[in-house]
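Right, one structure below, let's go through it.
The values are calculated or read from the model by the stated rules, or taken from the named source; none is laboratory data. If you're wondering where the values come from, they're calculated on a predicted model, not measured in any experiment. No Cβ is skipped: glycine too gets one built from the backbone with ideal geometry, and neighbour counts run over all protein chains shown. Please note that ligands, DNA and RNA were not included when accessible areas were found on the heavy atoms of the full protein model with its side chains. Shrake-Rupley method; radii C 1.70, N 1.55, O 1.52, S 1.80 Å.
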Amino acid sequence: MARKRKGRDISGWLVVDKPAGITSTAVVNKVRWAMDAKKAGHAGTLDPEATGVLAVALGEATKTVPYITDALKAYTFTIRLGQATNTDDAEGEVIATSDLRPDDDTIKAALSGFVGDIMQVPPQFSAVKVDGERAYKKARDGEEMTLAARPLWVEELLLIDRPDDDHVVLEMTCGKGGYVRSIARDLGEALGCHAHVKSLRRIWSGPFQASDGITVEEIDAKAKTDALDAYVQPLEVGLHDLPEVRCLAESVAKLRNGNPASVIATDVDYGEEVWASYDGKAIAVGTYRGGEIQPTRVFVG
């Protein structure tokens, strides 16, 4: 018989402003420990040296993780011109150099080629699986791989600062699955000067802002106290991109049992994915079909 997981049945989102030098998994484990939470997960991995929004889902909110993962995200990042590295960031070994330093107008013109629907090859040091093994493990063993290009939607890519000839600060808004390191690498190749990411910060992810995030130091200081609970946002925040429909009182039990039930909806199309609420609380996510929804995910009250 499987052992029952210990911890509190707490549900919601804790937005952490992740520092550099710690993995996303380590942050989740710290949150789970600090809040004595039975269940926790995160929406969108950040590289260990990256900072900013890491949205940690607790309890029933873990069922809304896909909607945050799929949401638009924004990053600010500094790229170092004139150097390519084997990891496409500052942690790697320099493998190519150039004395060329394009001017701002040239860089801005090149950025337009990275906006819209683009194809992107992940870095060699990435979590992409190759023959059942993570690419970064193969790369650490010195194996070079041909990784397949993946589609990425880039909403916006702007030059926001030029501290000196060697460095450019960019801001990117993009969809799911983007590698900022690949943007820097490919931009450097397009400019003919090589480049890699020197620093990276996720400033927002879906409805979550880095400015609202709690630090790891604050988590440690408030661990195991009610003060930490005050930072938890409702799980419903994770459903911000879905239309909301309202449950009838008699529909609540039906939906939670996985059965179709009547809802009150406006401006919702047949077949659209929606979330159903009762007294402002999420009851289920499902498909709207003319006055009722067929639930695909249900939330325990």
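Quick one: which of 90-96, 290-296 comes out on top by average Cβ neighbours within 10 Å, and what's the full order, highest first?
In descending order of packing, they fall as 290-296, 90-96.
Set Lys and Arg Cβ to +1 and Asp and Glu Cβ to -1, take the dipole of the chain about its Cα centre, and tell me which of 195, 290, 11 lies farthest positive.
11
Rounded to two decimals, what is Rg over Rh for the stretch 174-296 when you use alpha-carbon atoms and the Kirkwood radius?
1.17
Which of the pairs 63/108; 137/176; 18/224; 39/281 have their Cα atoms more than 31 Å apart in this structure?
On the way: 63/108 40 Å; 137/176 23 Å; 18/224 20 Å; 39/281 20 Å.
Long pairs (Cα-Cα over 31 Å): 63/108.
Applying 1/(1 + (r/R0)^6) with R0 = 25 Å to the Cβ-Cβ distance of residue 209 and residue 25, what FRET efficiency is obtained, to the nearest 0.05? Don't jump to the answer; show the numbers that get you there.
Working: r = 22 Å, r/R0 = 0.90.
The computed FRET efficiency comes out at 0.65.
Taking the stretch 222-258, which trypsin sites (Lys or Arg not before Pro) meet the DSSP loop condition and have no more than 11 other C-beta atoms within 10 Å?
On the way: sites: 222, 224, 246, 254, 256; in loops: 224.
Within the stretch 222-258, the qualifying trypsin sites (Lys or Arg not before Pro) (loop, at most 11 other Cβ atoms within 10 Å) are 224.
Heavy atoms of the protein only, probe of 1.4 Å, neighbouring chains included. What is the accessible area of residue 269 in Å², nearest 10?
100 Å²
Quantify, in whole percent, the carbon and sulfur part of the accessible surface of the chain (1.4 Å probe; protein heavy atoms only).
Carbon and sulfur: 47 percent of the exposed surface of the chain.
Given H placed 1.01 Å from N in the peptide plane, which residues other than close sequence neighbours of residue 150 have an amide H under 5 Å from its amide H?
Close amide H contacts, sequence-distant or interchain: 120, 121.
Which whole-number value in Å² is the accessible area per residue of the stretch 193-301, probe 1.4 Å?
Using a 1.4 Å probe on heavy atoms only, each residue of the stretch 193-301 averages 51 Å².
If r is the Cβ-Cβ distance from residue 264 to residue 155 and R0 is 51 Å, what FRET efficiency results, to the nearest 0.05?
Approximately 0.95, to the nearest 0.05.
Rounded to the nearest 10 Å², what accessible area does residue 112 have for a 1.4 Å probe in the complete protein model?
Roughly 80 Å² of residue 112 is accessible to a 1.4 Å probe.
Can you pull the Rg over Rh of the chain, Cα-only, Kirkwood?
Rounded to two decimals, Rg over Rh is 1.03.
How about the stretch 2-75: which trypsin sites (Lys or Arg not before Pro) there are in a DSSP loop, with at most 10 other Cβ atoms within 10 Å of their Cβ? Let's see the in-between values first.
Numbers: sites: 3, 4, 5, 6, 8, 30, 32, 38, 39, 63, 73; in loops: 3, 4, 5, 6, 38, 39.
Filter output for the stretch 2-75: 3, 4, 5, 6.
How large is the helix-only mean residue ellipticity at 222 nm for the chain, computed as the sum of -39500 (n - 2.57) over DSSP H runs with n ≥ 4, divided by its residue count, in deg cm²/dmol to the nearest 500?
On the way: 8 runs with 59 residues, N = 301.
Rounded to the nearest 500, it is -5000 deg cm²/dmol.
Roughly how many whole Å is it from the C-alpha centroid of the stretch 1-57 to that of the stretch 244-270?
Result: 31 Å between the Cα centres.
Would you mind calculating the relative contact order of the chain from Cα pairs under 8 angstrom and at least 6 residues apart, reporting the percent as a whole number?
Details: 685 pairs, mean separation 63.9, N = 301.
So the answer I get is 21 percent.
Provide the FRET efficiency to the nearest 0.05 for the residue 248-residue 106 pair, computing r from the beta carbons and using R0 = 45 Å.
Values: r = 60 Å, r/R0 = 1.34.
It comes out at approximately 0.15.
If each Cα of the stretch 1-132 is one equal point scatterer, what is log10 of I(q)/I(0) from the Debye formula at q = 0.09 Å⁻¹?
Normalising to I(0) and taking log10 leaves -0.41.
Let me spell out the model: positive unit charges on the Cβ of Lys and Arg, negative unit charges on the Cβ of Asp and Glu, origin at the Cα centre of the chain. What dipole size does that give, in debye rounded to 20?
1720 debye
Could you sort 18, 198 by accessible area so the largest value comes first, with the probe set to 1.4 Å?
198, 18
Any chance you could list the semi-axes, whole Å, largest first, of the equivalent ellipsoid that the Cα gyration tensor gives for the stretch 82-126, using √(5λ)?
Its equivalent ellipsoid spans semi-axes of 22, 18, 6 Å.
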